[in-house]
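Undergrad: Pasting a structure here, questions to come.
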Amino acid sequence: MKLGDPRTLHLVGVHISLQHRPLFAPLNLTVHPGEVITVMGPSGCGKSTLLNYICGTLSPAFEAGGSVRLGGRELNALPLEQRRVGILFQDALLFPHLNVAENLAFGLKPGHSRQTRRFRVETALLDAGLDGLGKRDPATLSAGQRARAALMRTLLAEPEALLLDEPFSNLDNDLRARMRTFVFEHARQRGLPTLLVTHDPADAADAGGPVIELGASAPAQ
């Protein structure tokens with residue numbers, strides 16, 4: 001694909017250092033629409049830091065460079081809210097002062113009518129198997145329900161790429177397998193280029209895409 005193809009995530013010469021020590025070798029990577037690429041490596045090698053760089057939340061303690069492009073857009077100079085990159089973490093991070101439906105509605109872009117917002121939230125709840133739970137306190141949901149709600153809130157923001165920072169690590173094995181299927185199917189259905197950070201080879205196997213081993217001695221991909 002060419003660099004300007006829509007819905008393709010390109011990393012060109014991305015490098016990150018801490019106190020002048022490179023975390024990994026300069027990285028060149030293309031993630032196509034609907035593809036899930038897994039990033040693995042030892043703790044401290046820069047996996048989550050790489051995701052922070054892509055979505056625009058990298059701490060100023062790090063020194064970083066290299067181009068991040070999403071379709072024809074250069075993201076480096078854009079603030080977080082303009083990058084259109086969704087991210088899921090280990091914890092669902094639902095707002096405790098909002099009910100489940102209000103949490104999902106938070107992901108919607110401004111400008112929708114009240115009727116449209118209600119319809120899209122109700123559709124998302126149904127899609128996530130949370131129909132009838134919109135008025136519930138997030139604290140009353142199971143771990144799997146919270147994880148599904150967090151994903152739907154992220155998708156309602158209409159991201160053009162998806163970053164997954166060990167989002168399954170707090171789940172038991174059976175639930176973890178079901179959540180992997182749920183997340184990867186939604187990413188593929190929407191054609192989202194997806195980067196998954198994990199320590200679990202089973203996550204990588206279910207993702208079904210290339211696996212990048214990150215580390216200072218690793219070659220650029």
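Undergrad: For the range 198-214, what are the residues that are in a loop (DSSP other than H, G, I, E, B) and without any contact (Cβ under 8 Å) to a residue 60 or more places away in the chain?
TA: Across the range 198-214, the qualifying residue is only D200.
Undergrad: A further question on this structure: In the range 86-119, how many residues are open to solvent by less than 60 Å² (accessible area, probe 1.4 Å) and either in contact (Cβ under 8 Å) with a residue 12 or more places away in the chain or in contact with a Cys (Cβ under 6 Å, 6 or more places away or on another chain) (or both)?
TA: Residues flagged as open to solvent by less than 60 Å² (accessible area, probe 1.4 Å) and either in contact (Cβ under 8 Å) with a residue 12 or more places away in the chain or in contact with a Cys (Cβ under 6 Å, 6 or more places away or on another chain) (or both) within the range 86-119 amount to 14.
Undergrad: Then there is this: Given the condition out of contact with any helix residue (DSSP H, G or I) (no Cβ under 9 Å at 6 or more places or on another chain), aromatic (F, W, Y) and not in a strand (DSSP E or B), answer yes or no: does some residue in the range 82-91 qualify?
TA: No, the range 82-91 contains no residue that is out of contact with any helix residue (DSSP H, G or I) (no Cβ under 9 Å at 6 or more places or on another chain), aromatic (F, W, Y) and not in a strand (DSSP E or B).
Undergrad: Which residue out of G134, G111 is over 20 Å from E160 (Cα atoms) and outside any helix (DSSP H, G or I)?
TA: The match here is G134.
Undergrad: Is there a residue being touching a residue at least 60 places away in the same chain (Cβ under 8 Å), in contact with a Leu (Cβ under 8 Å, 6 or more places away or on another chain) and within 18 Å of P210 (Cα to Cα) anywhere in the range 50-67?
TA: yes
The rows are residues; the columns are (1) assigned to a strand (DSSP E or B); (2) under 19 Å from D91 (Cβ atoms).
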{"residue": "A124", "(1), (2)": "no, no"}
{"residue": "L151", "(1), (2)": "no, yes"}
{"residue": "L162", "(1), (2)": "yes, yes"}
{"residue": "N170", "(1), (2)": "no, yes"}
{"residue": "R178", "(1), (2)": "no, yes"}
{"residue": "T181", "(1), (2)": "no, no"}
{"residue": "R188", "(1), (2)": "no, no"}
{"residue": "L196", "(1), (2)": "yes, yes"}
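Undergrad: If you don't mind, another one. Only one of these is modelled with pLDDT of 90 or more and either over 13 Å from the mean Cα position of the chain (by Cα) or farther than 11 Å from I87 by Cβ (or both): L162, L155. Name it.
TA: L155
Undergrad: Could you look through the range 155-170, keep only residues that are open to solvent by 20 Å² or more (accessible area, probe 1.4 Å) and of a type outside the set (D, E), and pick out the one that is nearest to A204 (Cα to Cα)?
TA: S169
Undergrad: Shifting gears a bit: Does the range 120-156 hold any residues that are among the basic types (K, R) and touching a His at 6+ places or on another chain (Cβ under 9 Å), and which are they?
TA: Within the range 120-156, R120 is the sole residue that qualifies.
Undergrad: Sticking with this one: Do you know which of the residues in the range 171-214 that are hydroxyl-bearing (S, T, Y) and out of contact with any helix residue (DSSP H, G or I) (no Cβ under 6 Å at 6 or more places or on another chain) is least open to solvent (accessible area, probe 1.4 Å)?
TA: Among those residues, the one meeting the criterion is T198.
Undergrad: Still on this structure, please answer the following. When you scan the range 1-81 for strands (runs of 3 or more DSSP E) that lie fully inside it, which ones turn up with 3 or more residues that are in contact with a strand residue (DSSP E or B) (Cβ under 8 Å, 6 or more places away or on another chain) and open to solvent by less than 10 Å² (accessible area, probe 1.4 Å)?
TA: 9-18, 36-40
Undergrad: Just to be sure I understand, how many residues within the range 120-172 are under 26 Å from G34 (Cβ atoms) and free of Cβ contacts under 8 Å to residues at least 12 places away in the same chain?
TA: 2
Undergrad: Hey, another quick one. When you go through (1) more than 20 Å from L175 (Cβ to Cβ); (2) in contact with a Leu (Cβ under 8 Å, 6 or more places away or on another chain); (3) exposed (fewer than 15 other Cβ atoms within 10 Å of the Cβ); (4) of a type outside the set (A, V, I, L, M) one by one for D131, which number turns out not to apply?
TA: Condition not satisfied by D131: (1).
The values are calculated or read from the model by the stated rules, or taken from the named source; none is laboratory data. Remember, predicted model here, so these are calculated numbers, not experimental data. We place every Cβ from the backbone using ideal geometry, glycine too, and count neighbours over all the protein chains shown. All accessible areas refer to the heavy atoms of the entire protein, side chains included, with ligands and DNA or RNA removed. Shrake-Rupley method; radii C 1.70, N 1.55, O 1.52, S 1.80 Å.
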